[in-house]
Structure formats: structure tokens, C-alpha cells
Amino acid sequence: MGAAPSTTFNPVQDLPSLSGKVAIVTGSSSGIGFASLQHLSRMGAKVYMAAQDENRAKEAIDRLDEEGREPGLGEVIWHELDLKDPRSAKESAERFIARERKLDILVNNPALILAIGNVQVLNADDIEESMAINYLGPYIFTKTLLPLLESTASLDGADVRIINVESDGYRYAKYLEYGSKEAWNHLFKWYLLPSLQRYVYSKLALHLWTNHLGRRLSERRSNVLVIITQPGIILSDGAIRPLYSLPYPSF
């Protein structure tokens, strides 16, 4: 059983100023990603809203202003990112590197649950979309951005972090094979909720990769801190999509 949420912590009052910091939050046009971006911008950071749909991103930025982002603090900029296509994820990271000289905070916030029974949705590379969006896309995006993150970490006073938004659901993954594309596309057809099993399977992949990345950076004495965070079961506004037939919460 997890710890109870704090009754005293107030992010607006207790978080330090992030003025001069540059951040990316993926999947931040709604849900947990939106809330994360909102707080970072309130603390003064320049925050890139990494999302695929420009119209939804613009609507989200308008919502930030409506909910009191306190204009004049952090700037929020839409940055196109399609995590289901690894080539697009790499190109998106390269565009960011061409635009910015530093990156202090990267929040990977992928969370796709396709609630459509036994039907799989595959990307252009015939990889199941839960794995593409929740693991492979963030892996490629982060790997491409890593040199910029590490160069930023070498600056005086830097505090560079990669935060991967996890799911406690990874503990319920029963299928543990990751050695082939066929394994990534496992049907989970004997499970009551195959789509949920695909989700926890992809989140376990993210968890394992995060542990590996943290060890690798530690071994080479990198100053980039890698963190896994588990927000709990939240029925956020980002939990339901038009493709979904059931309103699964974002784990």
C-alpha cells in the first residue's frame, strides 16, 4: 500500500523558481502531462508541450491561461512529437536540438491504453501501438536528446533530470519476453483484458529501460539524474480518447 498523499505540500509555494530552465513534457496537452507542464511553467521554466496534435496543443495552452498560468512567468511552446513512429520521434528530438542550446528537464509521460478488446493497433512498422508509444518512442526521443541533456548537466549550477512517468501496473505484467518484435506484439488473447495487459507489459519495458539508463549514466559519472515516478490511479481528462471503448484510468 502506497503512502498517503501529502496534506502540506503546495507546489506553487514549495517548489523553487525554475526561471532560466528549459523543459519538455511529452503527452502534455491533457491529463497528468498537462498538470506537470502547468506547474513547471508556473515556476518560471520555458516548457515545450510535446504533443502530436497542434489544435489540441493550442487548446491546452489557452486552458493554461484561463486557469491562471500567470502570464509573464514561464513560456509554453508546442513542439510536435509523434511517439508511435520512432523515426518521427528522432526527428522531433533533432528539431529541438537545433532550436535550443540546453535542456534541464525531460518528462516522459506516455500512457496509451487502447480499450478495444482483442484487436491490436499496429504502427507503420507493425509494432503494437502501446509498445510504440509507451516505450519505443520515449526511448528513441530520450536517446537522441541525451547529448544535449549531458552538455547542460556540465554547466555551473545545473540540475538536469529525466523523469519517466511509470505505472504501478507494471507489477502485474505476466508475459516477460522482450527479445523480438513478435514478443512485443503478443496478443494476450487468453487474458480477460488484453489491452490492459499490453499496457502493463509496455510499462514494464519502460521501467526496465529506466533502471538500465540510470545505471549506465551512473557508471560513467554523468550528472543527469534519472527518476521513475508513479502517480497512482488517476481518472484524468487525458484518460479517455476517441479510440477507447472503456474509460480506463491513467495508471
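The values are calculated or read from the model by the stated rules, or taken from the named source; none is laboratory data. Here the structure is a predicted model, which is why all the values come from computation and not from measurement. Counting neighbours? That spans all protein chains shown, and the Cβs are built from the backbone with ideal geometry, glycine included. Surface accessibility is based on the protein's heavy atoms, side chains included, excluding ligands, DNA and RNA. Shrake-Rupley method; radii C 1.70, N 1.55, O 1.52, S 1.80 Å.
Taking every residue in the range 132-147 that is without any contact (Cβ under 8 Å) to a residue 60 or more places away in the chain and polar (S, T, N, Q) and pairing it with any residue that is open to solvent by less than 30 Å² (accessible area, probe 1.4 Å) and in a helix (DSSP H, G or I), at least 6 positions away or on another chain, the pairs with Cβ-Cβ distances below 6 Å are THR144/ALA93.
Hey, does the range 46-66 have a residue that's touching a Pro at 6+ places or on another chain (Cβ under 9 Å) and on the phi > 0 side of the Ramachandran plot? So far as the range 46-66 goes, no, none of its residues is touching a Pro at 6+ places or on another chain (Cβ under 9 Å) and on the phi > 0 side of the Ramachandran plot.
Considering only the range 108-121, I want to know if a residue exists there that is modelled with pLDDT of 95 or more and in contact with a helix residue (DSSP H, G or I) (Cβ under 7 Å, 6 or more places away or on another chain). Yes, there is a match, as at least one residue in the range 108-121 is modelled with pLDDT of 95 or more and in contact with a helix residue (DSSP H, G or I) (Cβ under 7 Å, 6 or more places away or on another chain). Within the range 122-141, is even one residue under 17 Å from VAL47 (Cβ atoms) and either touching a helix residue (DSSP H, G or I) at 6+ places or on another chain (Cβ under 9 Å) or basic (Lys, Arg) (or both)? Yes, the range 122-141 contains a residue that is under 17 Å from VAL47 (Cβ atoms) and either touching a helix residue (DSSP H, G or I) at 6+ places or on another chain (Cβ under 9 Å) or basic (Lys, Arg) (or both). Please verify whether the range 41-48 includes one or more residues that are surrounded by fewer than 20 Cβ atoms within 10 Å (Cβ to Cβ), in contact with a strand residue (DSSP E or B) (Cβ under 9 Å, 6 or more places away or on another chain), among the polar types (S, T, N, Q) and in contact (Cβ under 8 Å) with a residue 24 or more places away in the chain. No, the range 41-48 contains no residue that is surrounded by fewer than 20 Cβ atoms within 10 Å (Cβ to Cβ), in contact with a strand residue (DSSP E or B) (Cβ under 9 Å, 6 or more places away or on another chain), among the polar types (S, T, N, Q) and in contact (Cβ under 8 Å) with a residue 24 or more places away in the chain. In the range 167-192, the residue that is farthest from the chain's Cα centre (by Cα) out of those that are among the aromatic types (Phe, Trp, Tyr) and modelled with pLDDT of 85 or more is PHE188. With the structure loaded, tell me whether GLU166 is over 30 Å from ASN185 (Cα atoms), out of contact with any Pro (no Cβ under 8 Å at 6 or more places or on another chain) and surrounded by 15 or more Cβ atoms within 10 Å (Cβ to Cβ) or whether it fails that test. So GLU166 does not fit the description; no. Answer yes or no as to whether TYR191 is open to solvent by 30 Å² or more (accessible area, probe 1.4 Å) and either aromatic (Phe, Trp, Tyr) or at positive phi (or both). Answer is yes for this residue.
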